Each structure stands twice: as structure tokens, then as C-alpha cells.
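S.K.: My structure is below; once you've seen it, I'll send some questions.
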Amino acid sequence: MLLALPVWAAQRELSGVPRVIDGDTLEVAGQRIRLGGIDAPEMQEDCLNNSGQRWACGAWATEVAQAMLAGRTVQCVDLGQRSYDRIVGRCYLGGQDVAVALIEAGAARPCLRFAREQGQEQAYLRAEQQAKRANAGVYGGPLNPIAGFCEPSRATVSISAPAVPPSADCVIKGNVSSNGRIYHMPGQRHYDQVTMRSDQTRWFCSEAEARAAGWRRARQ
């Protein structure tokens with residue numbers, strides 16, 4: 001029996017042993033679920049520790065989720081939102097919100113814009129404070145910038161990337177997709193297909209700037 005299920009529990013529920021896609025995405029009963037209100041490092045993302053050394057925080061966050069959920073059944077609630085080809089949901093393991101456990105482990109951070117909308121802001125901030133005290137995971141060093149769509153200000157103000165580059169030197173296109181935060185160089189295969197018109201896109205002036213912001217280069 002689930003403990004303290006939210007008011008929207010009457011909506012569609014899914015249960016099963018999950019397949020972990022990355023630190024904040026699961027597949028349950030054949031449905032991909034983006035865990036609401038949190039943001040985990042992208043699979044290819046690196047972080048810095050307190051000694052300034054790079055470590056593969058994205059792959060590590062995925063491993064944390066895999067170890068936490070391996071062979072165990074979760075119950076998930078569809079929150080009624082969609083993120084690309086995924087439903088946005090909240091998943092429970094033995095009555096505990098999986099997102100809280102991931103934050104406490106330092107494998108994810110609160111995505112405050114959506115945590116607030118979903119009524120989980122305070123719970124996720126408390127989990128974050130615990131992770132900070134323990135220097136857990138990504139909190140063991142300087143934090144990478146969180147995904148732009150998580151910023152609380154975006155909840156009331158729609159901030160879109162300009163349709164044209166801000167200068168002739170800033171022509172790298174960043175795009176948030178189901179594959180994560182990806183940047184495209186001029187001449188790459190999908191560069192012309194990226195339309196710069198939403199808060200899911202941004203311009204970069206150099207690859208170093210893009211990588212420092214937590215984005216990775218498109219493979220083609």
C-alpha cells in the first residue's frame with residue numbers, strides 16, 4: 001500500500017520493476033517516465049569535485065538510480081504533464097518518493113519551477129539540505145548550472161532564445177531534447193533543424209562555454 005499518496009493519485013498509475021534510462025528517467029510497464037520536480041546530470045555530463053578534478057557525475061547518477069531500484073517494484077503516478085515522448089510522473093518505492101531519495105544521494109537536484117507547481121518544493125529543498133550537509137554526490141564540489149527550464153523565474157516569465165545569433169561569434173545552437181542538453185555546431189547534420197524559439201534552446205559563443213554549462217556536442 002502506498003503511503004501519503006498525493007491528491008492526483010486518482011489519475012493513471014503504473015507499477016513494475018523499472019528500467020533506469022538515466023538519473024531522472026525510468027521505464028515502467030513499457031512507459032518512459034520523467035521524474036517530476038528534479039533534474040539529474042545528463043549521462044555524458046562531468047562535474048568537478050572539491051579538488052577541481054572532473055568526474056563522470058552523469059554516469060554515476062544513473063548508476064545510483066540503478067542500484068537503488070534494481071529488482072524492486074515502484075508505483076508511479078502520472079502527473080498529467082508530458083516531456084517530449086515521456087510522461088511526467090512521481091514514483092514511490094516502499095512509500096518513499098524516489099525523487100527525494102535521489103536528491104538525498106546527490107544524484108539529482110530540485111527543479112524548483114516544477115517542484116513548486118507539483119507541491120513538492122519544500123520536501124525537495126529539505127532533501128537538498130541533507131545532501132549538502134553530507135557533501136553527497138554533485139554537492140561534493142561546485143555545482144554545474146541547472147537546466148534552464150528549472151529556473152523558478154521561468155514559471156511566470158517565458159524567456160525564449162532569440163531567433164538569430166546575438167553576435168557573429170555566437171552561432172552554436174543548444175537544444176534540450178529527449179537525449180538531454182545537446183549543442184550543435186554549424187555544419188553538423190541537425191544544425192539547421194534546430195529552431196531557436198523557446199526556453200529549451202540557447203546560443204553559445206564557444207564549445208568551452210557550452211560544456212561548462214553542462215551541454216554536450218551532438219554526435220553528428
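The values are calculated or read from the model by the stated rules, or taken from the named source; none is laboratory data. What you are looking at is a predicted structure, and each value in this text was computed from that prediction instead of being measured. Using ideal geometry, Cβ is built from the backbone for each residue, glycine included, and neighbour counts are taken over all protein chains shown. Surface areas here come from the heavy atoms of the whole protein model, side chains and all, with no ligands, DNA or RNA. Shrake-Rupley method; radii C 1.70, N 1.55, O 1.52, S 1.80 Å.
S.K.: Would you call Ala61 closer than 16 Å to Arg34 by Cα, modelled with pLDDT of 95 or more, of a type in the set (Gly, Ala, Ser) and part of a helix (DSSP H, G or I)?
M.R.: It is true that Ala61 is closer than 16 Å to Arg34 by Cα, modelled with pLDDT of 95 or more, of a type in the set (Gly, Ala, Ser) and part of a helix (DSSP H, G or I).
S.K.: Would you kindly identify the strands (runs of 3 or more DSSP E) lying entirely within the stretch 1-45 that contain at least 3 residues that are at pLDDT 90 or above and within 14 Å of the chain's Cα centre (by Cα)?
M.R.: 19-22, 31-35
S.K.: Moving to a separate point now. Which numbered condition in (1) at pLDDT 95 or above; (2) surrounded by fewer than 15 Cβ atoms within 10 Å (Cβ to Cβ) is the only one that Val98 fails?
M.R.: That leaves (2) as the condition not met.
S.K.: Name every residue in the stretch 75-100 that is aliphatic (A, V, I, L, M) and within 15 Å of the chain's Cα centre (by Cα), in order of residue number.
M.R.: From the stretch 75-100, those aliphatic (A, V, I, L, M) are 77, 79, 87-88, 93, 98-100; that's our starting set.
Of everything in the stretch 75-100, those that are aliphatic (A, V, I, L, M) and within 15 Å of the chain's Cα centre (by Cα) turn out to be Ile87, Val88, Val98, Ala99, Val100.
S.K.: Let me ask another. Just the residues that are at pLDDT below 70 and either part of a strand (DSSP E or B) or closer than 22 Å to Ala40 by Cα (or both), please, taken from the stretch 160-178.
M.R.: Of everything in the stretch 160-178, those that are at pLDDT below 70 and either part of a strand (DSSP E or B) or closer than 22 Å to Ala40 by Cα (or both) turn out to be Ser177, Ser178.
S.K.: Here's something else I'd like to know. Any residue in the stretch 32-47 that is more than 17 Å from Leu79 (Cβ to Cβ) sitting within a Cβ distance under 7 Å of a residue that is open to solvent by less than 10 Å² (accessible area, probe 1.4 Å) and polar (S, T, N, Q)? List the pairs, counting only those 6 or more apart or interchain.
M.R.: Pairs found: Met43/Thr62.
S.K.: Something else now. Which of the residues that make up the stretch 117-144 are within 19 Å of Ala213 (Cα to Cα) and assigned to a loop (DSSP other than H, G, I, E, B)?
M.R.: Correct list: Gly141, Pro142, Leu143, Asn144.
S.K.: Taking the stretch 179-220, which residues are modelled with pLDDT of 80 or more and of a type in the set (Asp, Glu)?
M.R.: If the condition is that a residue be modelled with pLDDT of 80 or more and of a type in the set (Asp, Glu), then Asp192, Glu207 are the ones that fit.
S.K.: Just checking, does the stretch 105-116 include any residue being assigned to a loop (DSSP other than H, G, I, E, B), crowded, with 17+ Cβ neighbours inside 10 Å, free of Cβ contacts under 8 Å to residues at least 60 places away in the same chain and not aliphatic (A, V, I, L, M)?
M.R.: yes
S.K.: Then there is this: Output the qualifying pairs, or none if there are none: Cβ atoms under 6 angstrom, residues six or more apart or on different chains, first residue in the stretch 134-147 and more than 11 Å from Gly106 (Cα to Cα) and free of Cβ contacts under 8 Å to residues at least 40 places away in the same chain, second residue among the aliphatic types (A, V, I, L, M) and surrounded by 16 or more Cβ atoms within 10 Å (Cβ to Cβ).
M.R.: Hits for this filter: zero, empty list.
S.K.: State all residues of the stretch 84-96 that are closer than 14 Å to Thr25 by Cα and not in a loop (DSSP other than H, G, I, E, B); if no residue qualifies, say none.
M.R.: Scanning the stretch 84-96 gives Arg86, Ile87, Val88, Gly89, Arg90, Cys91, Tyr92.
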